[in-house]
């Protein structure tokens, strides 16, 4: 079973008590940014902009999938064709492949563009058949070959004609998806060209749009979960309380500081979010594998965002990687843009709690010291490496999908102890 399916089942079985948290790496940016999709190359020099290639972008996806920490890898349909259908990257992985199923005009963020200044219009490059089997008119038995999960995006602007057209197109997509057995999750960006609505009204506007859009949709056509801007505790709690079985996820927006990402995922989880889909926040990290591990440590309740920033910098130092910012600068909150093309901003506390140092010196799961950690037992998952090798930032993770919550916490506490020495 894919970890996504297991976690969604657990969340629906106990919406109020379940602490399962879903993390997605959103590497679908080639549907939006053109040449800059893959991010800046580390080989670039001051005054020079050199982007990673598409091949380098896809290689990073392979590494993150093999690492096994995220639950979803979101890709463009073309990358899904290469990694899922041609290479079979996900065949023996608990990570779920997903593809962006539409690309509304507010994500047309190419250099020199004016598109994003206009109200979003619906558009679909990808075909469900291409995502599922790689060609049009899939045979029924072929539809399980590729990805069977897609991201569908809507941007409401409080403009009747444009918003009505967006709803009509979403209805057509749902009908096709249900006939073809294709699952989806729904992304609602904040307005990119709002009419007659203030920034203070946007959180309630989005919550009402979510409830109204899905009220007429039966279970068979509903999204697996949402992807929205985190507007703060009040808005999140309101949406989660309205329907506990509407699984709410947050989008990451702009890259920002490391603390921006770590604090955002912690705050959103605290007030009811159960999914985080981070794109640029992961893609712009100095070491993406280490960055993803700390996201998981935070959502598992093992480490605070402040501790995680310090520990992440310690890992970069051990790996000989120069951080983009000093530790002090990386422990500050910036205003993170919450849409591809610009617009509203994330709402997290401005005051930064004093970072605390770990006081633990022993093994978090029962050993007298980290080198004797009892977690290196039946739940270890080596991915072809011994425990002494370091293929990424840390030793390979165990098979989390087979572990209980207590075992996950114990294993992660041991990892935190090793990080802090």
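Give me 198, 266 ranked fewest to most by other Cβ atoms within 10 Å of their Cβ, as a rough exposure proxy.
198, 266
Using a Förster distance of 60 angstrom, determine the FRET efficiency expected from the C-beta separation of residue 172 and residue 319, and round it to 0.05.
Calculated transfer efficiency: 0.80.
Find, to one decimal place in angstroms, the Kirkwood hydrodynamic radius of the range 3-357, where the mean of 1/r is taken over every pair of different Cα atoms and then inverted.
After inverting the pairwise mean of 1/r, the radius is 20.7 Å.
Compute the Rg to Rh ratio over the range 43-93 from the alpha carbon atoms, using the Kirkwood formula for Rh, and round to two decimal places.
1.08
In nanometres, what is the gap between the two model label sites at residue 110 and residue 198, each 7 Å from Cα along Cα-to-Cβ?
3.9
Can you pull the one-decimal nm distance between simple spin-label points at residue 145 and residue 35, each 7 Å off the Cα toward Cβ?
Distance between the two pseudo-spin positions: 3.5 nm.
Tell me, 8, 172 in order of fewest to most beta-carbon neighbours within 10 Å?
172, 8
Can you give me the C-alpha center-to-center distance between the range 164-216 and the range 91-161, rounded to a whole angstrom?
14
Fewest Cβ neighbours within 10 Å first, please rank 7, 234, 281 accordingly.
234, 7, 281
Only the coordinates and a few stated rules stand behind these numbers; no lab work does. Only a predicted model underlies this, so the values are computations on that prediction, with no experimental measurement involved. Here the Cβ is made from the backbone with ideal geometry for all residues, glycine too, and neighbour counts use every protein chain on show.
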